[in-house]
Amino acid sequence: MTINIKKCTLEDSRKLQEISYETFNETFKHQNTPENMNAYLERAFNFKQLEKELSNTSSQFFFVYFNNEVAGYLKINTNDAQSEEMGDESLEIERIYIKDKFQKLGIGKCLQNKAMEIAMEHNKKKIWLGVWEKNENAIAFYKKLGFVQTGAHSFYMGDEEQIDFIMTKTLI
């Protein structure tokens with residue numbers, strides 16, 4: 001079992017779009033209408049949007065490979081790329097998505113550790129993320145890693161307003 005993490009570049013845009021669609025669909029299609037899923041996927045993961053995000057120097061994407069197959073990805077944000085005003089001492093984990101067939105293999109923890117490593121390299125004092133209030137598996141995962149709920153914000157899936165818990169982990 002080999003897990004490798006590779007930073008994404010603009011040349012990875014198409015592959016990033018594919019994994020984004022696949023993992024988001026696998027994670028949320030059962031709890032949302034097809035119309036809202038399609039609207040979100042088209043807005044968040046269209047090619048222009050992903051290229052814009054990949055070009056932002058305050059955002060970074062990483063693919064995670066399991067035995068040389070792309071298993072998922074991580075997106076982190078600092079500074080003004082964060083989706084909420086959290087200040088310069090914070091790093092946001094905006095996305096950690098793992099394909100269904102690679103769940104429960106420690107890959108999510110590897111990606112979270114990568115985010116922590118980058119946060120510490122940049123002298124960040126906390127890591128935070130938003131997680132859908134109905135995503136019980138993810139909430140349990142983050143709690144196990146030491147995150148605590150510190151707030152909530154709205155997230156729009158198509159035309160439906162949903163609530164994301166804001167979870168934060170203070171770094172020592």
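The values are calculated or read from the model by the stated rules, or taken from the named source; none is laboratory data. Just so it is clear, the model here is predicted, and its values are computed rather than measured. Quick reminder, even Gly has a Cβ in these numbers, built from the backbone with ideal geometry, and neighbours come from all protein chains shown. Heads up: the accessible areas ignore ligands, DNA and RNA and are worked out on the full protein's heavy atoms, side chains in. Shrake-Rupley method; radii C 1.70, N 1.55, O 1.52, S 1.80 Å.
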Original post:
Could you give the nm distance between label points at residue 14 and residue 170, where each point is 7 Å from its Cα heading toward the beta carbon?
Top reply: 4.8 nm
Original post:
So for the pair residue 56, residue 153, with labels modelled 7 Å out along Cα→Cβ, what separation do we get in nm?
Top reply: 1.0 nm
Original post:
Rounded to the nearest 500, what is the chain's calculated 222 nm mean residue ellipticity when only DSSP H runs of at least 4 contribute -39500 (n - 2.57) each, over all residues?
Top reply: -11000 deg cm²/dmol
Original post:
From the cross-link list 114/169; 101/134; 15/125; 75/144; 99/134; 75/134, which pairs have alpha carbons spaced over 26 Å apart?
Top reply: 15/125
Original post:
In what sequence, largest accessible area first, do 37, 1, 116 appear using a 1.4 Å probe?
Top reply: 1, 116, 37
Subject >> Whole-angstrom gap from segment 78-118 to segment 38-73, using each part's C-alpha centre >> reply: 12 Å
Original post:
From the backbone phi of segment 18-35, what are the Karplus-calculated ³J(HN,Hα) couplings (6.51 cos²θ - 1.76 cosθ + 1.60, θ = phi - 60°) in whole Hz, Gly and Pro given as x?
Top reply: 4, 5, 5, 4, 4, 6, 5, 4, 4, 6, 10, 5, 6, 10, 9, 6, x, 5
Subject >> Inter-label distance, nm, simple model (7 Å from Cα along the C-beta direction), residue 68/residue 125 >> reply: 4.6 nm
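Shape verdict for segment 78-140, please, from the Cα gyration tensor: rounded (a/c under 1.5), prolate (a/b greater than b/c) or oblate.
Working: a/c = 2.64, a/b = 1.55, b/c = 1.71.
Judged from the Cα gyration tensor, segment 78-140 comes out oblate (a/c at least 1.5, b/c at or above a/b).
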Subject >> Reach of residue 126 by Cα under 20 Å, taken over aspartates and glutamates that are not fewer than 8 positions away in the same chain >> reply: 80, 84, 85, 88, 89, 92, 94, 117, 164
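Counting only heavy atoms of the protein chains, get the accessible area per residue of segment 51-130 (1.4 Å probe) and round it to a whole Å² value.
Values: 3760 Å² over 80 residues.
Roughly 47 Å² per residue, with all protein chains present.
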Original post:
Quick one, which of (i) 9, 35, 36, 15, 4, 0; (ii) 8, 22, 24, 19, 12, 9, 5, 1, 0; (iii) 10, 39, 42, 10, 0 is the actual P(r) over Cα pairs in 10 Å bins from 0, in percent calculated for this model?
Top reply: (iii)
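Find the Cα radius of gyration of segment 100-172, compare it with 2.2 N^0.38 Å by division, and give the number to two decimals.
Details: Rg = 13.4 Å, N = 73, 2.2 N^0.38 = 11.2 Å.
Compared with the compact-globule rule of thumb, segment 100-172 sits at 1.19.
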**OP:** List, in order, the whole-Hz ³J(HN,Hα) value for each residue of segment 148-163 obtained from phi through the Karplus relation with A = 6.51, B = -1.76, C = 1.60 and θ = phi - 60°; use x for Gly and Pro.
**Re:** 10, 6, 10, x, 7, 8, 7, 9, 9, 9, x, 9, 9, 7, 10, 10
Original post:
What is the gain in length, in nm to one decimal, between residue 36 and residue 109 on full extension, counting 0.36 nm per residue of separation less the C-alpha to C-alpha distance?
Top reply: 23.3 nm
Subject >> Placed amide H near residue 95: partners under 5 Å, 5+ positions off or other chain >> reply: 75
Original post:
How are the C-alpha pair distances of segment 1-79 spread across 10 Å bins, as whole percents from the shortest bin up?
Top reply: 18, 47, 30, 5
**OP:** For segment 100-107, just list the computed ³J(HN,Hα) in residue order, Karplus coefficients 6.51, -1.76 and 1.60, θ = phi - 60°, integers in Hz, with x standing in for Gly and Pro.
**Re:** 3, 5, 10, 5, 6, 10, x, 6
Original post:
Percent relative contact order of the chain, based on C-alpha pairs within less than 8 angstrom and at least six residues apart?
Top reply: 20 percent
**OP:** Report in % the part of the accessible area of segment 1-98 that belongs to carbon and sulfur, leaving out ligands and nucleic acids; probe 1.4 Å.
**Re:** 45 percent
